[in-house]
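Here the structure is laid out as structure tokens; the discussion comes afterwards.
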Amino acid sequence: MTESAPTQRLPRSGLLAFAGGSIGMGVWVTVPGLLLLYFLTDVLAVSPLLAGFVLLLPKIADVLLHPWVGHLSDTDLRKRGHRRGLMLLGCGLPFAFAGLFALPAGLTGTTAAIWVMVFFIAGNLLFATYQVPYLSTPADLAIGYHERTRLMGFRMVVLTLGILLSGVIAPIISGKDNPTRGGYALMGAILGAVMLGAMLIGLRGVRTLTTVAPTPPVAAPTHAAGLRTLLAALGDRQFRWLVAAYLLMSTTTHLVLTAVPYFAEYELGKPGLTTVLVAAFVAPALIATPGWVWLTKRIGKQPGLLIAQLAFAAGSVVLAFGRPVGVPILVGCVAVLGVAFAAMQLLPFSMLPDVVRAGGAAGTARAGSYTGMWTAAEATGGALGPYLYAACLAVGGFIATGAGEQVVQSERAHDLIRLGFGVVPAVLMVVAVLLQRQYTLDARLRDASPTV
């Protein structure tokens with residue numbers, strides 16, 4: 001089934017306000033993904049396996065939590081005509097973020113791991129209540145195939161600013177070459193305040209866009225939030241292939257972010273290069289995103305995504321060779337990953353509402369459930385990536401330390417730090433390409449949509 005092609009063009013002010021909400025979400029996704037494993041193993045003296053478990057366990061529940069939040073979001077839309085109530089609740093996320101890094105003095109090892117896990121669980125719940133209704137918005141709007149890409153292009157550029165803000169500034173505030181507990185606590189408080197302001201702006205943006213381009217109310221049967229209802233989106237074959245590929249993409253990018261501090265310190269011997277590598281990974285999206293929007297208007301979203309996935313895999317292979325390649329080339333390869341990352345954020349998120357709208361009235365009425373399953377996959381990838389890298393560290397015999405402590409890591413540990421940063425992401429991305437090729441909806445929608 002194909003949808004009609006609405007020609008409604010969204011106002012720039014509404015697009016910018018909507019996109020502003022992504023700054024807060026970008027901070028939550030980036031900082032724990034980049035620094036939390038390192039914070040646990042190298043500041044709080046938590047063993048790599050326990051630290052990986054701390055990151056994984058809170059997100060296992062997200063597999064059911066996010067679809068449940070999606071169902072609540074659909075119910076809100078049906079009863080109140082909007083999804084903003086849950087988003088307002090989700091604005092409590094910055095407080096959980098600050099608490100994540102504000103541990104009482106002297107708390108280390110297992111007790112520190114428990115503290116972090118409690119705040120991580122609370123943060124994930126609040127994140128879901130904001131993210132799911134927020135990302136359901138594009139499917140709620142009466143706009144067409146290309147306008148969805150434009151909407152998500154604005155979001156991607158602003159999201160990139162959020163990731164840069166957090167990915168570059170967070171290591172600096174926390175202590176850069178010599179991070180401290182106090183530095184991490186200060187970083188959590190400062191970025192938490194930024195998150196709160198951005199999320200409130202995003203809430204206003206959702207209100208603006210749904211007022212400008214509303215979809216007429218759809219009568220839909222009421223279902224209890226049983227397992228079958230929560231997982232209903234997986235009955236859509238196109239969605240299954242798309243979300244499976246995105247799960248691997250999410251796993252891969254979160255693994256890479258987690259590995260950056262270890263690669264900078266132990267492979268390159270310069271912890272300060274963490275900021276350089278993060279900037280090289282994220283900054284290209286500011287230029288690349290408009291380029292991807294332009295390209296996909298001409299060749300389609302799926303072909304563009306396949307190009308990006310293959311480029312990411314190729315760049316990862318080069319990174320596996322490590323220091324002998326030379327720092328400038330390694331930074332350049334990370335920039336290639338960054339250009340590909342821009343597409344892997346922009347295009348899947350604009351393909352998701354394509355799938356929802358292609359389902360007709362029934363699909364639109366369940367946009368929250370689709371988005372809930374999608375964000376569950378994203379959250380799972382956010383947990384699996386760090387856990388896979390933690391497993392690489394454990395296999396290599398990596399020794400955890402406290403802040404200020406120095407140890408000599410074994411040659412095997414250094415090998416696994418490097419291979420986990422290069423080979424593992426390449427393999428995961430190749431599998432994502434194979435799954436992505438099974439998605440066939442994009443070609444049909446592209447043929448039915450006028451080029452703008």
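If you check LEU36, LEU72, LEU55, LEU16, which single one turns out to be out of contact with any strand residue (DSSP E or B) (no Cβ under 7 Å at 6 or more places or on another chain), within 26 Å of ALA185 (Cα to Cα) and surrounded by fewer than 24 Cβ atoms within 10 Å (Cβ to Cβ)?
Details: LEU72 fails: within 26 Å of ALA185 (Cα to Cα); LEU55 fails: surrounded by fewer than 24 Cβ atoms within 10 Å (Cβ to Cβ); LEU16 fails: within 26 Å of ALA185 (Cα to Cα).
After ruling out the rest, the residue left standing is LEU36.
Hey, does the stretch 46-67 have a residue that's at pLDDT below 90, within 25 Å of VAL260 (Cβ to Cβ) and among the hydroxyl-bearing types (Ser, Thr, Tyr)?
Yes, the conditions are met somewhere in the stretch 46-67.
One residue is enough: does the stretch 230-241 have a residue meeting the conditions touching an Asp or Glu at 6+ places or on another chain (Cβ under 7 Å) and modelled with pLDDT of 75 or more?
No, the stretch 230-241 contains no residue that is touching an Asp or Glu at 6+ places or on another chain (Cβ under 7 Å) and modelled with pLDDT of 75 or more.
Quick check, is ILE172 β-branched (Val, Ile, Thr) and surrounded by fewer than 18 Cβ atoms within 10 Å (Cβ to Cβ)?
On the way: β-branched (Val, Ile, Thr): yes; surrounded by fewer than 18 Cβ atoms within 10 Å (Cβ to Cβ): yes.
So ILE172 fits the description; yes.
Out of all the residues in the stretch 409-418, which are surrounded by fewer than 18 Cβ atoms within 10 Å (Cβ to Cβ) and assigned to a helix (DSSP H, G or I)? Step through it out loud before you land on a result.
Of the stretch 409-418, the ones surrounded by fewer than 18 Cβ atoms within 10 Å (Cβ to Cβ) are 410-412, 414-415.
Result: GLU411, ARG412, HIS414, ASP415.
Whether any residue in the stretch 110-128 is surrounded by fewer than 21 Cβ atoms within 10 Å (Cβ to Cβ), modelled with pLDDT under 85 and of a type outside the set (Gly, Ala, Ser) is what I want to check.
Within the stretch 110-128, not a single residue is surrounded by fewer than 21 Cβ atoms within 10 Å (Cβ to Cβ), modelled with pLDDT under 85 and of a type outside the set (Gly, Ala, Ser).
The values are calculated or read from the model by the stated rules, or taken from the named source; none is laboratory data. Predicted, not measured: the structure shown is a model, and the values here were computed from it. Backbone-built Cβ (ideal geometry, glycine too); neighbour counts: all protein chains shown.
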